[in-house]
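Reviewing the structure listed below.
The values are calculated or read from the model by the stated rules, or taken from the named source; none is laboratory data. Fair warning: this is a prediction, and the values are worked out from it, not measured in the lab. Here the Cβ is made from the backbone with ideal geometry for all residues, glycine too, and neighbour counts use every protein chain on show. Areas reflect the complete protein model, heavy atoms only, side chains present, ligands, DNA and RNA absent. Shrake-Rupley method; radii C 1.70, N 1.55, O 1.52, S 1.80 Å.
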Amino acid sequence: MSHRDACLVINAGSSSLKFSVFCGAGRSDLEAVLTGQISGIGTAPRFEAKDAARHVLADGILDEVGPGDRAGLLGFLLTWMRHELRDVRLVAAGHRVVHGGTRFDAPVRLTPAVLAELEALVPLAPLHQPHNIAAMTALAEVYPELPQVACFDTAFHRTRPWQAQMFALPRELTDEGVRRYGFHGLSYEYIAQRLPQIAPELAEARVVVCHLGSGSSLCGMRAGRSVDTTMGFTALDGLPMGTRPGAIDPGVLIYLMREKGMGPDELERLLYHKSGLLGVSGVSNDMRALLDSENPQAAEAVELFCFQVAKQAAGLAAAMGGLDAVVFTAGVGENSAPVRARVAEKLGWLGVHLDGAANRARATRISAADSRVPVFVIPTDEERMIASHTLAILARNAVHPPLAA
Ligand code: AMP
């Protein structure tokens, strides 16, 4: 039987590990053949997988290995894949890694030295980086010959001018790494490649990309390179999100510490899990539920969100010296016509006008014919971006794939 080369893509969180498998040799011919996740890691792991047509291939409790045994769980996944995808040969794994610090401005092949550098970055992303690293070390344990590649959420934003990367803090803190890094880079990089395929005349354009999901940020990019972005040192900055407040006056934190006696753990819970759309509405962190709700606080949460998206988008237009196009992507950006309409209305003075019917039908180009600024809805695909990077690194390094997975 002839085998097709495949790349395993892993996005590891605290209690879940999302995976997908892409077949093909590179960017232009990548085919997603499998997606799935192991959820409930540490408590009651559950394994789910779907094929390219979204047919369920597996869905059930996984009790063969210990609930927190990541190597065991990955070993199970590899064995399952060997049976399920008989014509596929795994040649590499690509990981989504939240933080590449100032050092990594591109994906990198995992070596012991790189792993040590990623570990040194844990203090910058303590809620995410350890889980990314745990998945890499677990995979290396069960399949040491498999080349692994780390793809960073921060890397795309390393092209920003220094003004966009620096806080107005004492130099020592900047030198120590307290900087605006920016996140969602793999999503923005995918959009940067995709937009010129859809609209070649915009290859050099100044574009605001609105990545609006459960985590949300904006990126101003010129000619496909990041000029500025709304997230900063952490993924807390910028826009209000499902459960995060976005930018708040840091004086609020001093007040909460002093007057409410809050420590770092309580602040972290407040800022990561209790704020944003959920905190304002008291109803839900899910935009769908808020749009369906009769509760006036739900409407306020939606309005607060759209206000900040438009306001911060205009700030990015200023950072780029103009605005030539807007792109909406991710869960809310791709699926919520009312949110897109509200944001566009607020950007009308910049020359943004939607075609209502195209917006409701979720066309690719949703701007009115006479809109100075064209507006697009482009589904993001971070996993494809990771697979593409991973296979490119493999080809560049001429790493010989293992004989068979
Ligand atoms: P993501 O993080 O990109 O997967 O986005 C997830 C979020 O997208 C969910 O929390 C929902 O709030 C939002 N979402 C998905 N579908 C819709 C929809 N049809 N209308 C509004 N929001 C949606």
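A few comments on the model shown:
- If you go through the stretch 220-264 and pick out every residue that is among the acidic types (Asp, Glu), within 26 Å of Met287 (Cα to Cα) and either more than 25 Å from the chain's Cα centre (by Cα) or not in a strand (DSSP E or B) (or both), you end up with 2.
- Residue in the stretch 291-303 that is under 24 Å from Thr229 (Cβ atoms), part of a helix (DSSP H, G or I), within 16 Å of the ligand (Cβ to nearest atom) and open to solvent by 40 Å² or more (accessible area, probe 1.4 Å) present: yes
- Scanning the stretch 153-165 turns up at least one residue that is within 16 Å of the ligand (Cβ to nearest atom) and at pLDDT 95 or above.
- Pro250 being open to solvent by 70 Å² or more (accessible area, probe 1.4 Å) and not aliphatic (A, V, I, L, M): yes
- Those residues of the stretch 216-234 which are touching a residue at least 60 places away in the same chain (Cβ under 8 Å) and within 16 Å of the ligand (Cβ to nearest atom), in sequence order: Ser216, Leu218, Cys219, Thr230
- Test result for Thr102, open to solvent by less than 60 Å² (accessible area, probe 1.4 Å) and either of a type in the set (S, T, N, Q) or touching a Gly at 6+ places or on another chain (Cβ under 7 Å) (or both): no
- The residue of the stretch 304-324 that is nearest to the ligand (Cβ to nearest atom), among those that are outside any helix (DSSP H, G or I) and surrounded by fewer than 21 Cβ atoms within 10 Å (Cβ to Cβ), is Asp324.
- Note on the stretch 2-78: enclosed strands (runs of 3 or more DSSP E) holding 2 or more residues that are closer than 21 Å to Glu141 by Cα and in contact with a strand residue (DSSP E or B) (Cβ under 7 Å, 6 or more places away or on another chain) are 4-12, 17-23, 31-39.
- Here the condition is being free of Cβ contacts under 8 Å to residues at least 12 places away in the same chain and of a type in the set (A, V, I, L, M); of Ala325, Ala344, Ala337, Ala318, it holds for Ala318 alone.
- Counting only residues that are in contact (Cβ under 8 Å) with a residue 60 or more places away in the chain and open to solvent by less than 30 Å² (accessible area, probe 1.4 Å), the stretch 185-205 holds 7 of them.
- Residue in the stretch 48-64 that is nearest to Arg86 (Cα to Cα), counting only those that are of a type in the set (A, V, I, L, M) and open to solvent by 90 Å² or more (accessible area, probe 1.4 Å): Val56
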